[in-house]
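Contents: one structure, followed by commentary.
The values are calculated or read from the model by the stated rules, or taken from the named source; none is laboratory data. This structure is a prediction, so every number in the text was calculated from the model and none was measured. Cβ placement follows ideal geometry from the backbone for every residue including glycine, while neighbour counts extend to all protein chains displayed. Note: areas computed on protein heavy atoms with side chains; ligands, DNA, RNA excluded. Shrake-Rupley method; radii C 1.70, N 1.55, O 1.52, S 1.80 Å.
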Amino acid sequence: MLFNIGDLVSRNSYHNDVIFEIVDIDNDVAILRGVDIRLCADSLLSDLVKVESTSSDDDKMLERFSDINLDRSQFFYIPGRITHLDSDKSFLNRCLKFYDELNIKAKGIRLKENKMASEIPHIIEEYKPDILVITGHDAFYRKMGDEDNSNNYKNTNNFIESVRAARKVANHNDLIIVAGACQSNYEELIKAGANFASSPKRINIHALDPAIIASSVALSEKNKPIDLLKILDKTKYGKDGIGGIITNGTMYVGYPRWLIK
C-alpha cells in the first residue's frame, strides 16, 4: 500500500487503537503524530492501515464547560491569564482556539521540550501569567521497566526541569502550573512543583487536556479552592490521565458590570 505524508493511519500491532497522521517517511518507516492524542511514534509502513478522514472531537470537549453559568446581568469577570508552552504547532493552535472560545486571554509559544526550562524565567517575566502550561510530547519506555525512574521517559525530565525553573520565579500561590503530556511521570512532576500533571496511570492524554485544566482554573473564582474532582472529570480520561492538588482559582469577579458602548 502506498502511503504519503498527511495520510491518517493506525497501527495493526497496537490493535489500531490510536489514529495518527504521517508527518514524515524515511525509507520504510513512518514518523507519526497522534490526531487527538499527544503521542509521537514511528512505525514500519507494513504495519499501517489507512483510516478514513476523521474530525476532531474538540467541540465535544468544549461542551464540558456548558455547566459554567456566569451572572452577566450585574457582575463582570476577568479570567486568569494563560501562557501555554507546547512543542507541537498543531496542538498549540487547537488549544489557543479552545481558550478563545471560552473568552480566556492566552499567549501561545512553541518550544521544543528541551528548550523550555532555559526560556521559562524570561517568559514569566514578560507575560506574567496566572497559569503556565508546559506540554508537548512524552512517552514511557515500558521495556526499560521502572516507571518511577524519570530517566525512562522521552521528555519527563525536560518537563521536570521546566517546572523547577518556573518555581524559582513564582510560588504555588502566584503561578498555577499544568505540566506533562502522554504517559509522563505524574509523581515527579508534582514533586517538582506542578499543580497539575499527567499521567497517574501512564496513559495517553487528549490534545486538549492541558488546556481543559488551565481553562477550568482560569474560570474558577480567585482565592476560592477549586473543585478538584470536578475539574479532572472534564478531561478526556479523568483522574487516570491527569491529577493535581487543590488550589485556588484565578478569576476576578467584579460589580457592577459596565456597559460597553
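Among the residues of segment 182-196, is any over 30 Å from residue 144 (Cα atoms) and not in a loop (DSSP other than H, G, I, E, B)? So that I can check it myself, show each step before the final result.
Kept after step one, since they are over 30 Å from residue 144 (Cα atoms), are these residues of segment 182-196: none.
Among the residues of segment 182-196, not one is over 30 Å from residue 144 (Cα atoms) and not in a loop (DSSP other than H, G, I, E, B), which makes the answer no.
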The conditions are (1) more than 17 Å from the chain's Cα centre (by Cα); (2) modelled with pLDDT of 95 or more, and residue 185 fails exactly one of them. Which is it? (1)
Failed condition for residue 121, given (1) open to solvent by less than 20 Å² (accessible area, probe 1.4 Å); (2) in a helix (DSSP H, G or I); (3) of a type outside the set (Asp, Glu), with all others met? (1)
Any residue that is surrounded by fewer than 16 Cβ atoms within 10 Å (Cβ to Cβ) and either assigned to a loop (DSSP other than H, G, I, E, B) or free of Cβ contacts under 8 Å to residues at least 40 places away in the same chain (or both) - is there at least one of those in segment 235-242? yes
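Can you pull out every residue in segment 246-261 that is touching a helix residue (DSSP H, G or I) at 6+ places or on another chain (Cβ under 8 Å) and surrounded by 13 or more Cβ atoms within 10 Å (Cβ to Cβ)? Can you show your working first?
Step one: of segment 246-261, the residues touching a helix residue (DSSP H, G or I) at 6+ places or on another chain (Cβ under 8 Å) are 246-247, 249-251.
Correct list: 247, 249, 250, 251.
Could you tell me how many of the residues in segment 26-60 are assigned to a strand (DSSP E or B) and in contact with a His (Cβ under 9 Å, 6 or more places away or on another chain)? Talk me through it step by step, then tell me what you get.
So the first thing to find is which residues in segment 26-60 are assigned to a strand (DSSP E or B), and the list is 26, 29-34, 37, 40-44, 48-50.
Okay, now just the ones that are also in contact with a His (Cβ under 9 Å, 6 or more places away or on another chain), so 33-34, 37, 40.
Number of matching residues: 4.
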Residue 94 passes all but one of the listed conditions (1) open to solvent by 30 Å² or more (accessible area, probe 1.4 Å); (2) modelled with pLDDT under 90; (3) within 28 Å of residue 160 (Cβ to Cβ); (4) assigned to a helix (DSSP H, G or I); the exception is number (2)
Flagged in segment 147-187 as farther than 18 Å from residue 202 by Cβ and open to solvent by 60 Å² or more (accessible area, probe 1.4 Å), in numbering order, are 161, 164, 168, 169, 171, 172, 173, 174
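Would you pick out the residues in segment 1-25 that are among the charged types (D, E, K, R), surrounded by 14 or more Cβ atoms within 10 Å (Cβ to Cβ) and not in a loop (DSSP other than H, G, I, E, B)?
Step one: filter segment 1-25 for residues among the charged types (D, E, K, R), giving 7, 11, 17, 21, 24.
Cutting the leftovers down to surrounded by 14 or more Cβ atoms within 10 Å (Cβ to Cβ) gives us 7, 11, 21.
Those that are among the charged types (D, E, K, R), surrounded by 14 or more Cβ atoms within 10 Å (Cβ to Cβ) and not in a loop (DSSP other than H, G, I, E, B): 11, 21.
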I'd like to know if segment 65-88 contains one or more residues that are open to solvent by 30 Å² or more (accessible area, probe 1.4 Å), out of contact with any Gly (no Cβ under 6 Å at 6 or more places or on another chain), small (Gly, Ala, Ser) and not in a helix (DSSP H, G or I). yes
Say whether the condition of being more than 22 Å from residue 181 (Cβ to Cβ), among the aromatic types (Phe, Trp, Tyr) and over 19 Å from the mean Cα position of the chain (by Cα) is met by at least one residue in segment 5-19. no
